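What follows is a short report on a single structure.
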Amino acid sequence: MSIGLTKIVKSRETSLGFVIIVVGVVLALLRPEAFLSWANAEAVANGMVYDLLLATGMTLVLILWGIDLSVGSVLALSSVITALLLRAGVPISLSILLGLTSSAACGFINGYMVARYKIAPFIVTLSMMAIARGMATVLTSGYYLSGLPEAFRAIGRSRVLGFPIPLLLVILILAALGVLLSRWRYLHQMYFVGSNPEAAKLSGLQTQKIIIAGYVISSTLAGIAAVFMTSRLSMGFAGFGLQAELRAIAAAVLGGASFTGGAGSILGAVLGVTLLALINNGFVLLDGSPNWQQAVSGLILLVAVGVEAFRRRKERRA
């Protein structure tokens with residue numbers, strides 16, 4: 001077996017793909033009429049749209065040896081700002097742009113505080129999580145913001161050749177990011193910055209700009225998720241995105257991202273989200289308690305971190 005083929009077989013993505021197939025086969029055997037239906041496949045795919053964006057952003061931040069606990073709250077704030085602007089009569093395109101700008105601004109603040117002042121990412125993004133969620137709640141007083149224009153609501157509900165537009169757009173966004181992360185020098189340098197920030201800086205890399213860019217991309221992806229969620233549900237709400245950061249971290253780590261930086265891929269994040277979505281779908285199909293879904297996500301994250309720690313320990317001994 002060639003070295004390249006051996007590497008593919010042993011990769012995290014290949015292992016995840018195998019697990020996904022096994023889970024899918026088990027669900028198909030247990031509930032074939034429900035799991036193999038088009039309606040179920042569409043429901044799973046629609047539910048993955050938001051987590052795909054958040055997990056991808058989280059993967060980029062983890063590659064940089066960071067973490068972003070604010071993605072769920074940034075999603076909520078962007079949703080609220082977009083909905084408020086739409087209700088005030090602001091054009092749809094401008095409302096979306098300003099909503100995305102607000103999310104990007106949150107990411108810039110996160111990245112700037114981490115890169116410039118060396119504050120721990122956990123502390124910075126935890127603070128932003130509280131600030132963004134608090135601002136969204138204050139702006140809405142905790143109420144839903146309905147009455148959005150029909151043209152905006154169509155964004156999250158329209159289809160092309162039978163496929164939901166949000167899903168197609170997310171696939172295009174992730175494909176573009178995947179290519180840029182592997183081929184574009186500026187984004188690919190994230191791996192070097194995450195592996196050894198000091199060495200990267202001494203090598204002449206613009207580490208501060210790269211770190212800021214990672215956090216801005218992460219928050220902007222949360223803003224895009226907010227657009228799709230607000231449109232599909234026809235409302236803005238300060239409660240959107242609760243516990244979303246847990247799912248994003250779990251999916252990213254399952255996909256090969258590491259808390260020690262320098263590892264991760266867009267494909268891995270996609271497969272991580274897919275596995276979690278299938279497991280959650282299994283709870284629904286098998287009439288399991290939905291209260292267990294969050295516990296299972298946490299358990300999967302714990303197992304993934306444990307496996308990663310064991311792998312690193314084994315590599316150090318080798």
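General observations
- Residues being among the hydroxyl-bearing types (Ser, Thr, Tyr), more than 12 Å from the chain's Cα centre (by Cα) and in a helix (DSSP H, G or I) - total across region 216-254: 2
- For region 20-34, the count of residues that are free of Cβ contacts under 8 Å to residues at least 24 places away in the same chain, closer than 24 Å to Ala175 by Cβ and either assigned to a helix (DSSP H, G or I) or aliphatic (A, V, I, L, M) (or both) is at least one.
- Checking Leu299 against (1) modelled with pLDDT under 95; (2) in a helix (DSSP H, G or I); (3) surrounded by 15 or more Cβ atoms within 10 Å (Cβ to Cβ), the condition it does not meet: (3)
- Among (1) touching a Leu at 6+ places or on another chain (Cβ under 9 Å); (2) over 19 Å from Leu52 (Cβ atoms); (3) modelled with pLDDT of 95 or more, the one test that Ala222 misses: (2)
- Of the criteria (1) touching a residue at least 12 places away in the same chain (Cβ under 8 Å); (2) of a type outside the set (Ser, Thr, Tyr); (3) closer than 19 Å to Asn40 by Cβ; (4) loosely packed, with under 15 Cβ neighbours inside 10 Å, which one Phe283 fails: (4)
- Residue that is nearest to the chain's Cα centre (by Cα) [pool: residues in region 151-168 that are closer than 16 Å to Ile92 by Cα and either assigned to a helix (DSSP H, G or I) or aromatic (Phe, Trp, Tyr) (or both)]: Gly156
- Number of the condition not met by Tyr143 [criteria: (1) outside any helix (DSSP H, G or I); (2) among the hydroxyl-bearing types (Ser, Thr, Tyr); (3) touching a residue at least 24 places away in the same chain (Cβ under 8 Å)]: (3)
The values are calculated or read from the model by the stated rules, or taken from the named source; none is laboratory data. Predicted, not measured: the structure shown is a model, and the values here were computed from it. For neighbour counting, all protein chains shown are included, and Cβ atoms are generated from backbone atoms with ideal geometry for every residue, glycine included.
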